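What follows is a set of notes on a single structure, which appears directly below.
Every number here is computed from the coordinates shown, using simple stated rules; none is lab data. Bear in mind that the values here come from a model prediction, so they are computed numbers and not experimental data. Heads up, the Cβs are rebuilt from the backbone with ideal geometry, glycines too, and the neighbour counts pull from every protein chain shown.
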Amino acid sequence: MDGTLYTIGHSNIQLDDFLKILMAAGIEVAVDVRSTPYSEYAPWFNRDKLESAISSKNIIYLYLGDLLGGKPKDEGCYTDGKPDYSLIRERDFYQKG
């Protein structure tokens, strides 16, 4: 591994196209950082289906949304109802991620 970090969002592309992008880039590990890894709009990107599809391409799927996601369960991470990233980055769970 060369230490390069890539980011990708699923937008409205189909799962097969998403997988082709990962494979073309030589991705070895896909880290899912969504706090809520489910989509009504694109159900093929729901966590269980995505994990299965990625794993079938010999890419490791790692879920870290509970540690790195933008909407933590810890109510102390919000200011006026919105995530406060200055608070989030100080939390132990975020540091572990």
| field | At most 12 other Cβ within 10 Å, DSSP loop - GluC sites (Glu not before Pro), the chain | value | 28, 40, 90
| task | Can you tell me the alpha carbon radius of gyration of the chain divided by the globular rule-of-thumb value 2.2 N^0.38 Å? | result | 1.19
| remark: Any trypsin sites (Lys or Arg not before Pro) in region 12-97 that lie in a DSSP loop and have at most 14 other Cβ atoms within 10 Å would be 57, 73, 89
| query | So which chymotrypsin sites (Phe, Trp or Tyr not before Pro) in region 8-64 pass both tests, a DSSP loop state and at most 12 other Cβ atoms within 10 Å of the Cβ? | reply | 41
| query | Taking H as built 1.01 Å from N, whose amide H comes closer than 5 Å to the amide H of residue 71, not counting residues under 5 places away? | reply | 35
| Listed residue pairs exceeding 29 Å between alpha carbons, taken from 49/73; 57/96; 20/82 | 20/82
| note | Helix 15-24 sits off the longest principal axis of the Cα atoms of the chain, rounded to the nearest 10 on a 0 to 90 degree scale, by 80
